[in-house]
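Peer 1: This is the structure I have questions about; it appears just below.
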Amino acid sequence: MNLMRRSLAISAAGLFLWGCDPAPVTESVSAQPPPASLAPPPETFDQASDCTPLRRYDGPTPGFTYIYRRQDGSLSSRRIIAADGARITFEYRDLSNPSQIALPNRLALAGVFVTYDAASSPRKVRYRTDPVASLETLEVGQSVTIPTTETSTIKGKTRTIAYPTITTYRMCGVLVTQGQSMPVRVYDVTTSRRVVAPSGDDSVRSSRVTYYLSDETGFPLAYQDAATTTLERIERPGTAM
């Protein structure tokens, strides 16, 4: 069997492409249409009238911790473990639960496109083309659709689903954090994910998340889905939370 491997433009971007293992049976699913209306921007966001493409992505600095506040007032954090090109590894913590057991590190390309560590996760996400390269060229109002697959083993059942990842460059502006105006570009990302309910029902859930991607730090400063989560502060290495 021929091996199929592609070299992508960004170094060590972490895009998982087809390897030499026999390809599993893939089920195609359709992304559900996004909600008719989008959540309003965070109160501290000021939209700009002139927006340019991202052009070149630069990742965040390892060791820095991003502290976010949800709409309900609870806090969460994302500590940058490593940044290898666009492949960002971070540790997520729910600060409203001091006794929370540390979760496995999470991976996301540019902090936006979810992927997983093949060695430690029951899920693998593979993008047909480089989503970060597409992100760099989008103009405001433009969208790109990337064929995506997720292979997951949950409760002993392995399933591969194929779905589109749709990214739209929505707007740009500044987000005020700790009195500082931080330039951001705003992207809507519609994707899908396999979920298994406690009852054992196996289904696919589609969702849309809005990311306020920082020009300066290379990491999202706000997230919006059903609720809004906004950056409260950034802590340097060694700063106690």
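Peer 1: Anything in the range 195-219 that is of a type in the set (D, E, K, R), free of Cβ contacts under 8 Å to residues at least 60 places away in the same chain and in a strand (DSSP E or B)? List them, or say none.
Peer 2: Asp202, Arg205
Peer 1: Quick check on my filter: what residues within the range 104-127 are within 23 Å of Ile161 (Cβ to Cβ), modelled with pLDDT under 95 and assigned to a loop (DSSP other than H, G, I, E, B)?
Peer 2: Hits for the range 104-127 are Pro104, Tyr116, Asp117, Ala118, Ala119, Ser120, Ser121, Pro122.
Peer 1: Condition first: among the acidic types (Asp, Glu) and either within 30 Å of Ser181 (Cα to Cα) or at pLDDT below 65 (or both). Now tell me which residues in the range 25-47 satisfy that.
Peer 2: Glu43, Asp46
Peer 1: Within the range 157-166, is there a residue that is modelled with pLDDT of 90 or more, in a strand (DSSP E or B) and buried (at least 20 other Cβ atoms within 10 Å of the Cβ)?
Peer 2: Yes, the range 157-166 contains at least one residue that is modelled with pLDDT of 90 or more, in a strand (DSSP E or B) and buried (at least 20 other Cβ atoms within 10 Å of the Cβ).
Peer 1: How many residues does the range 86-141 contain that are in contact (Cβ under 8 Å) with a residue 60 or more places away in the chain, surrounded by fewer than 16 Cβ atoms within 10 Å (Cβ to Cβ) and charged (D, E, K, R)?
Peer 2: The number of residues fulfilling the criteria is 1.
Peer 1: Just to be sure I understand the filter: pairs with C-beta atoms under 7 Å, separated by 6 or more residues or on different chains, first member in the range 43-63 and at positive phi, second member at pLDDT 95 or above. Which pairs pass?
Peer 2: Short answer, once both residue conditions are applied: Arg55/Glu136; Gly63/Ile80.
Peer 1: Here is a follow-up. Between residues in the range 162-183 that are within 26 Å of Arg126 (Cβ to Cβ) and residues that are among the charged types (D, E, K, R) and in a strand (DSSP E or B), which pairs lie under 7 Å by C-beta distance while being six or more apart or on different chains?
Peer 2: Once the first residue is within 26 Å of Arg126 (Cβ to Cβ) and sits in the range 162-183, its partners that are among the charged types (D, E, K, R) and in a strand (DSSP E or B) give Ala162/Glu27; Thr168/Asp188; Tyr169/Arg185; Arg170/Asp188.
The values are calculated or read from the model by the stated rules, or taken from the named source; none is laboratory data. For clarity, every value in this text was computed on a predicted model and none was experimentally measured. Using ideal geometry, Cβ is built from the backbone for each residue, glycine included, and neighbour counts are taken over all protein chains shown.
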